[in-house]
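Notes follow the structure.
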Amino acid sequence: MEGIFSNLWLGFTVAAAPFNLLMCLIGVLLGTLIGVLPGVGPVATIAMLLPITFNLSPIAALIMLAGIYYGAQYGGSTTAILVNLPGESSSVVTCLDGYQMARQGRAGPALATAALASFFAGCVATLIVAMFAPPLAEVALKFGPAEYFSLMVLGLVAAVVLAHGSLLKAIAMVILGLLLGLIGTDVNSGVLRFAFGISELADGIGFVTVAMGMFGLAEIIANLEHKETREVFTKKVSHLWPTREDWKRLWQPTLRGTFLGSALGILPGGGALLASFGAYTLEKKVSRNAHEFGKGAIEGVAAPESANNAGAQTSFIPLLTLGIPSNAVMALMIGAMMIQGIAPGPQVMTERPQLFWGMIASMWIGNLMLVVLNLPLIGMWIKLLTVPYRILYPSILVFMSIGVFSLSNQPFDCFLMALFGLLGYICVKLECEPAPMILGFILGPLMEENLRRAMLLSRGNPMTFIEKPISAGFIIVSVILLVIIALPALRKKREEAFQEG
Amino acid sequence: MRIKGPKDFWAGLMFIAFGLFFLVWAQKHYQMGTAVRMGPGYFPSVLGGMLALLGLLVLIDSLVEEGPKVARFHFRPVIFILIACLAFAYLLKPLGLAGSIVALVFISALGGYEFNWKEVSILAAVMVIFSVLVFVKGLTLPFPIWPAFMN
């Protein structure tokens, strides 16, 4: 226990350096901004900002990018409550009760509840990360290629389970991602694969390019299909503070949401989205006021909001300890680390304790900033919501194009982004989720590498994945997950869970 | 034979096409190797085969089970947004950041529902000033600001 506090102290001394504080502030402000604006997700924003971080120190870059991610969770709830549009996918469930509260003239307490529940969850989740990351990293240091391969299989299976819609299509998207990840020079043989004589493809397709196309461009195109209609509750936000009755009702859901969110965030494939859905469903089951859910129950705001923030933070655990991203944002963080010359994995904690603990401490500081800044700034965010999308999307497009172009200063990356934008839009139309594909894309080369090494070590015996206990554990969990999800009864449940949003 | 689930039908076809392409291309151009020493063709072949198989399953599913129709494909935003990106990329060097941003903003604005000359012009000007200040002056990205013929 003592070790944790001395480590956290080290982290705070790093995170509290003036420049890092500034980066944290910029990160959370940007995060809130994109969270507030519907149609601009954290994946596209972080991808957009990656090139900017080239010139920063690794710690400052990661602090800022992390701030964007959890800041977006805060901002997303503001839009959900005031406009009934989820600014982020993880605030989909917050719309249900938050918007109803706003319609009843209780937008203030709803916003305050969201902010305070998120803050509480953020504090707890920071401690959880600090407690669980070191022992996990120690275990991970013992992982061989077989264990890594199986772990990645588990991560991909989990991503499939959590995707909306058809299981088969989600698996297919993962595999498509893995294949696209293989484009470029094969590290083992030096052979250039699937490059079709295009020299720009020698280093493979940039992750940023794929993410911007599949998420950013496809999102914009899909948003332009419909004329915008928004109803903003701007006048009714007066008294912010929840009443005593509210406090009584919201503390338990906040606690439950925090812990459920933390647990779900750690799972590979987990993160904020799953956490908020899970917490809302749980609360609906256990709450005494279950009949009020969907009609403006404050529990329906507190639980998912605490859960999505907790989940957003604990999803850093697999990234920091195993070097494996649990969702698309974490995949981008890996990209950011690699750009800075840091190989993500269990060795980060021992080799670069400042970076590791500084980032964790910055999460707590960032959460504090969010509460202190955002409650007074709500008026400003509401004003932003009145900016019409026809102004917004060309601006987003400018930033995206500049970001992608600057990756290698060649038009080719923008061309690829447009290509993936088209693919992304087709996937939207065919209901194929892009998130599993992005995870596959990041993991493709890693999986191949570990598969090759594991097979070489076992002299071509595929049983190695089952003979090693840890690896076998991952495989068994993956199989169980797949079987469970394929069972018709549970399949229906899963569909219902996603329907509720 | 009737297509009952058009969404799954086309998705299945897409996966089969991608899968077969990777499988055939890998088989044709790269060495398979053995399970112990995998060549560059091994992993892509296996994955390509799996993808094609999954695509086939999705396709069969679409012929058996009733499914949703494919929502209308909106060509207007697709075309204008994609062209806007390409225009920016290929005009940046000849026309500078200023010229390429103006092109991007105008072309992308055509993809939306409303197009107001005055509004779009102001937006383009604001974006040019902002981007030059932030990206070229602030972050020192090596972009030319003005068209090449003006220098």
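The values are calculated or read from the model by the stated rules, or taken from the named source; none is laboratory data. From a predicted model like this one, the values you see are computed outputs, not experimental measurements. Here the Cβ positions follow ideal geometry from the backbone for every residue, glycine too, while neighbour counts run over all protein chains shown. Each accessible area value is taken on the protein alone, full model and side chains, heavy atoms only, with ligands, DNA and RNA left out. Shrake-Rupley method; radii C 1.70, N 1.55, O 1.52, S 1.80 Å.
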Among the residues in the stretch A:148-167, are any surrounded by 24 or more Cβ atoms within 10 Å (Cβ to Cβ) and either at positive phi or aromatic (Phe, Trp, Tyr) (or both)? yes
Across the stretch B:84-117, the tally of residues that are within 7 Å of another protein chain (Cβ to nearest Cβ), open to solvent by 10 Å² or more (accessible area, probe 1.4 Å) and more than 19 Å from the chain's Cα centre (by Cα) stands at 2
Scanning for something closer than 18 Å to A:ILE220 by Cβ and in a helix (DSSP H, G or I), does the stretch A:54-63 turn up at least one residue? no
What residue, among those in the stretch A:177-220 that are in a loop (DSSP other than H, G, I, E, B) and among the polar types (S, T, N, Q), is nearest to the other protein chains (Cβ to nearest Cβ)? A:SER189
Those residues of the stretch B:1-41 which are more than 7 Å from every other protein chain (Cβ to nearest Cβ), under 19 Å from B:ALA71 (Cα atoms) and open to solvent by 70 Å² or more (accessible area, probe 1.4 Å) amount to B:ARG2, B:ILE3
Total residues in the stretch B:77-96, condition over 18 Å from A:TYR393 (Cα atoms) and modelled with pLDDT under 90: 5
From the list A:ILE470, A:ILE485, which one is in contact (Cβ under 8 Å) with a residue 12 or more places away in the chain, open to solvent by less than 40 Å² (accessible area, probe 1.4 Å) and assigned to a helix (DSSP H, G or I)? A:ILE485
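Taking A:LEU82, is it within 14 Å of chain B (Cβ to nearest Cβ) and in contact (Cβ under 8 Å) with a residue 24 or more places away in the chain?
no
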Filtering the stretch A:318-346 down to residues that are at positive phi and either of a type in the set (A, V, I, L, M) or crowded, with 24+ Cβ neighbours inside 10 Å (or both) yields none
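Table: residues versus (1) more than 8 Å from chain B (Cβ to nearest Cβ); (2) not aromatic (Phe, Trp, Tyr).
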position	(1), (2)
A:SER401	no, yes
A:PRO411	no, yes
A:PHE415	no, no
A:PHE420	yes, no
A:LYS429	no, yes
A:GLU433	yes, yes
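More than 7 Å from every other protein chain (Cβ to nearest Cβ) and either under 23 Å from the mean Cα position of the chain (by Cα) or surrounded by fewer than 18 Cβ atoms within 10 Å (Cβ to Cβ) (or both): which single residue out of B:PRO147, B:PRO142 fits that description?
So the residue among B:PRO147, B:PRO142 that is more than 7 Å from every other protein chain (Cβ to nearest Cβ) and either under 23 Å from the mean Cα position of the chain (by Cα) or surrounded by fewer than 18 Cβ atoms within 10 Å (Cβ to Cβ) (or both) is B:PRO147.
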Every listed condition ((1) part of a helix (DSSP H, G or I); (2) modelled with pLDDT of 80 or more) holds for A:GLU225 save (1)
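Filter the stretch A:378-398 down to residues that are open to solvent by 50 Å² or more (accessible area, probe 1.4 Å) and not hydroxyl-bearing (Ser, Thr, Tyr) and give me whichever is farthest from A:GLY76 (Cα to Cα).
My answer is A:ARG390.
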What is the residue count in the stretch B:124-138 for residues that are within 23 Å of A:ALA61 (Cβ to Cβ) and either under 27 Å from the mean Cα position of the chain (by Cα) or surrounded by 14 or more Cβ atoms within 10 Å (Cβ to Cβ) (or both)? 5
Restricting to the stretch A:291-317, name every residue that is in a helix (DSSP H, G or I), open to solvent by less than 10 Å² (accessible area, probe 1.4 Å) and farther than 15 Å from A:VAL93 by Cβ. A:GLN313, A:THR314, A:PHE316, A:ILE317
Pairs, please: C-beta under 9 Å, at least 6 apart or cross-chain, first residue more than 9 Å from chain B (Cβ to nearest Cβ) and under 10 Å from B:ARG37 (Cα atoms) and in the stretch A:443-456, second hydroxyl-bearing (Ser, Thr, Tyr) and surrounded by 18 or more Cβ atoms within 10 Å (Cβ to Cβ)? A:ARG453/A:TYR148
Check A:CYS432 against each of (1) open to solvent by less than 10 Å² (accessible area, probe 1.4 Å); (2) in a helix (DSSP H, G or I) and name the one condition it does not meet. (2)
